1. In segment 120-159, how does Rg compare with the Kirkwood Rh, expressed as the Rg/Rh ratio over alpha carbon atoms?
2. Pop out the ³J(HN,Hα) list for segment 276-292 in order, Karplus 6.51 cos²θ - 1.76 cosθ + 1.60 with θ = phi - 60°, rounded to Hz; leave Gly and Pro as x.
3. THR165 label point, 7 Å along Cα→Cβ, cut-off 20 Å on backbone N: hits in segment 178-211?
4. Compute from the Cα atoms of the chain the Rg and the Dmax, the latter being the longest Cα-Cα distance, and quote both in angstrom.
5. Among PHE195, PHE276, PHE292, PHE48, what is the fewest-to-most ranking by other Cβ atoms within 10 Å?
6. Once the other residues with Cβ under 12 Å from the Cβ of SER251 are scored (Lys, Arg +1; Asp, Glu -1), what is the net sum?
7. Please give the residues of segment 210-238, grouped as numeric ranges, whose backbone N is less than 17 Å from a label point set 7 Å along the Cα-to-Cβ vector of GLN247.
8. May I ask you to sort TRP193, TRP145 by Cβ crowding, counting other Cβ atoms within 10 Å and putting the fewest first?
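Taken together, the values in this text are just the output of simple stated rules run on the coordinates, not laboratory data. Just so it is clear, the model here is predicted, and its values are computed rather than measured. Cβ atoms come from the backbone with ideal geometry, glycine included; neighbour counts cover every protein chain shown.
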Amino acid sequence: MQGSLHRLALRNIRLVAGFYLLVLIVMTHWPKLQIVTDGQPIDKLMHFIGFGLAACAVHVAQWCVRWWVLLLVMFGFTFLDEVTQATLSIGRVYSFADIVAGWLGVLVVVALAVAFRPMGGACSRLRGQQWLDGAASLLARPSPWMIIFMSGALGALVGGVILVTLDGYYPRPHPARAMLLGGLVGSLGLAHWTFEGGLRRELRLIRQQRRCAGCGAPQEAEGLSEDAMLSCPTCGRENRVIDWAPQTPLSKGLLIHAIFRPLLTSGFCLLLLVVFWGVMVGFRNDPRVVDFDLWWRQMGYESQAVMDLTVGGLLAALTINGFRRRVAKAVDLQASRCLACGQDLHGLPTSGGFGRCPECGQWFSKIESDVCSPS
Ligand SMILES: [Zn+2]
Ligand SMILES: [Zn+2]
């Protein structure tokens, strides 16, 4: 059992996710809905973003937990939505290119969901669980949602205006596309920034007030050692006293070391793609080879933008995946190497699986099994 805070937070997430899916279905079936763009369509970009966000909503709402189920269900949803759009509503046409754009959006989101999955052993999952407990505590209440939504709306406005202004200096300005992309990036960016700020504050309050991770009730833990367990009188959840101690920060050196190789790998993948493209374009007069250059030019600016976003999104997922795997490995090996300062911690005394670094005074844990999981 995860506790009532987790249930409340999930209920709120499902309300918002369900509302988004409903709006998406209604918008895609609305008769003769045309986004005014002065003859420059942004339909495929809208499909890419709309169905990508739908996959994100279904994932966060935990309706499809396994990545391949999420991928198959959302591919099917995108296809069905487009087909019923053509058969049920007047004035809208069925377009296979729109379906492909939607699928690419779903693909990028599923790749990102895989990259952000829980990773590593007991110590990594413990850190992840603390993050989840903080997020549940925050999202269980309605007021943080309102603040996150308002900052998202503000971000959409600011990001849209900035990108439309910048786009105006471009040789081929496209205000609708600039508005859409700027709005999306601004909205997601500012909403995420607000969420992170709220989460940091929540984690600080949880530590200060020693709140139960299940129900949020403050606990009396005076005089208990860090390795003790404390049963919550309100909900009965076993809380570990160590979880109220500050989390050991990861040193900059560790983070740079963890990002270096994944960045190099992604850069290499991009280089391979560019070289492959160059070779194909070089052979474009050969009738046995597909003319990539012609195909690319015929695709139009909008589809090109969708392709750019797909390649960029997949490379970002690859980088994040490698980075998180490396960080998880370092976190799991924290009993031999301090996370904050890199000090060798081999053979140092621990009590109940915890010890302190003699160099910087930060905590390290030596847990082998998943002791943190609530019953
Ligand atoms: Zn409790
Ligand atoms: Zn240290």
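1. On the way: Rg = 14.7 Å, Rh = 12.0 Å.
My calculation puts Rg/Rh at 1.22.
2. Each residue of segment 276-292 in turn: 4, 4, x, 5, 5, 5, x, 9, 5, 8, 7, x, 7, 10, 5, 7, 5 Hz.
3. Correct set: 178-191.
4. Expressed in Å, the Cα Rg and Dmax of the chain come to 24.5, 81.
5. Ranking PHE195, PHE276, PHE292, PHE48 by Cβ neighbours within 10 Å, fewest first, gives PHE276, PHE292, PHE195, PHE48.
6. With Lys, Arg at +1 and Asp, Glu at -1, the net is +1.
7. 210-214
8. By the 10 Å Cβ count, ascending: TRP193, TRP145.
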